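What follows is a short report on a single structure.
The values are calculated or read from the model by the stated rules, or taken from the named source; none is laboratory data. No experiment lies behind these values; they were computed from the predicted model shown. We place every Cβ from the backbone using ideal geometry, glycine too, and count neighbours over all the protein chains shown.
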Ligand code: ATP
Ligand code: MG
């Protein structure tokens, strides 16, 4: 007899359950609370877009576009791509949905993203991000506000210690161009010692060599020319305004002159919140200013700044979270008590009490099962109705839920 084989999960995907899932939910709930404090409006975005949305905006030679996208033709012959990041789709919506009228627009979202990467701890093919963007704001104040929100989020997640904000400026177009030439000169001299990927980057996008994780490249990154000597006065002032704003807001930061981002659209401010507690996958949140992105999608020049944070990496730092405390279990000791038990259970839950019921299985074993759930209190129901509560601590909330005071009109 042949046995039917159960399909395996797709490599790089995760089924999240238990304490890990609670940690994931805690990250999302905290983000939702904090983004409201900063008045970021919630948006929901499609999981796929036309491939050109990402190809044009992220840069054809970036790792994401050249190697990591899940692109496919749909049945109508259109090339679509599962979103590898949020920003490009949000920028597309800003242009196609008339969101310009709301500028400056602060938006936030979260959800799954897809990249064909080599799976390892903290790196998956389907992963999840929190995302926050300010579109249509060119002032350094927007960068400050966005970073203050990220900083508060991490603090409220309990991650203030062990996560550092690393900050850099990539300058304006001119500064970047001058820096780029100097980097080409520097890395060309040691070309043969670079990784194969970086030899290719040297032609196409030398800045990205600075972001390489290959030890062969890292050796030469340390001695590479840094952005500061190429900054225009304007770019320097902009960065100065960002850093003094952060100081005033009490956001700690350190300068990392080698910090560049993996996507092509960044200008001026670039940043990462990093930790050494997750091994090689140490970046938990990253972003920056992307003043050139709207034009690459055919829109008018529109300054913008944003960040994204990996939910799985944040959840790992947060650590396992317990199930919420179970306040009450309704124990049905006799089948005839079931109706009363259901009324009781509904009252408890409507009264805001976290409650569960044990009403099936052998009657003898029900008490043991109720105890095993670990409730603060057990409410017992027999054939004559509700007759008693056991447990430790105050029963005020429970009594209030099941014995509502008569309303004044009654
Ligand atoms: P890395 O350098 O680790 O590849 P990245 O520069 O590609 O990161 P971004 O595109 O800036 O990452 O995404 C923002 C955040 O999303 C990252 O800092 C990280 O926390 C998370 N992230 C990115 N890719 C993955 C992945 N494949 N699996 C899990 N989390 C990820
Ligand atoms: Mg990456």
Hits in the range 320-341 (condition: within 20 Å of residue 365 (Cα to Cα) and free of Cβ contacts under 8 Å to residues at least 60 places away in the same chain): 326, 329, 330, 331, 332, 333, 334, 335, 336, 337, 338, 341
Kindly indicate the residue of the range 53-66 that is more than 21 Å from residue 107 (Cβ to Cβ) and either within 14 Å of ligand 1 (Cβ to nearest atom) or loosely packed, with under 14 Cβ neighbours inside 10 Å (or both) and also nearest to the chain's Cα centre (by Cα) among those meeting that condition. 64
Condition set more than 16 Å from the chain's Cα centre (by Cα), more than 16 Å from ligand 1 (Cβ to nearest atom) and within 15 Å of residue 316 (Cα to Cα), scope the range 133-164, selection surrounded by the fewest Cβ atoms within 10 Å (Cβ to Cβ): answer is 161
Residue list for the range 319-350, restricted to those being over 39 Å from the mean Cα position of the chain (by Cα) and crowded, with 17+ Cβ neighbours inside 10 Å: 331, 332, 333, 337, 340, 341, 344
If I filter the range 98-112 down to residues being more than 13 Å from ligand 1 (Cβ to nearest atom) and under 20 Å from the mean Cα position of the chain (by Cα), which single residue comes out as farthest from residue 285 (Cα to Cα)? 105
Looking at (1) away from ligand 1 (no atom under 15 Å from the Cβ); (2) under 30 Å from residue 199 (Cβ atoms), can you tell me which one residue 95 breaks? (2)
Residues of the range 61-82 classified as within 16 Å of ligand 2 (Cβ to nearest atom) and out of contact with any strand residue (DSSP E or B) (no Cβ under 6 Å at 6 or more places or on another chain), total: 8
Looking at the range 67-92 only, could you name the residues that are within 13 Å of ligand 1 (Cβ to nearest atom) and out of contact with any helix residue (DSSP H, G or I) (no Cβ under 6 Å at 6 or more places or on another chain)? 67, 68, 69, 70, 82, 85, 86, 87
With the structure loaded, tell me whether residue 26 is assigned to a helix (DSSP H, G or I), within 17 Å of residue 116 (Cβ to Cβ) and either more than 16 Å from ligand 1 (Cβ to nearest atom) or assigned by TED's automatic domain parsing to the domain that holds residue 128 (or both) or whether it fails that test. no
Tell me which residues, restricted to the range 89-122, are more than 15 Å from ligand 2 (Cβ to nearest atom), part of a strand (DSSP E or B) and touching a strand residue (DSSP E or B) at 6+ places or on another chain (Cβ under 6 Å). 105, 106, 107, 108, 109, 110, 112
Take the conditions assigned to a helix (DSSP H, G or I), within 15 Å of ligand 1 (Cβ to nearest atom) and buried (at least 21 other Cβ atoms within 10 Å of the Cβ) and apply them to residue 130. Does it pass? no
Selected residue [crowded, with 16+ Cβ neighbours inside 10 Å and within 16 Å of ligand 2 (Cβ to nearest atom)] from 125, 176: 125
If you go through 358, 353, the only one that is surrounded by 15 or more Cβ atoms within 10 Å (Cβ to Cβ) and under 17 Å from residue 323 (Cα atoms) is 353
Inside the range 18-31, can you point out the residues that are surrounded by fewer than 14 Cβ atoms within 10 Å (Cβ to Cβ) and modelled with pLDDT of 95 or more? 29
Quick check on residue 183: is it assigned to a strand (DSSP E or B) and under 30 Å from residue 295 (Cβ atoms)? no
Residue count for the range 289-337, restricted to those that are within 21 Å of residue 108 (Cβ to Cβ), within 16 Å of ligand 1 (Cβ to nearest atom) and out of contact with any strand residue (DSSP E or B) (no Cβ under 8 Å at 6 or more places or on another chain): 2
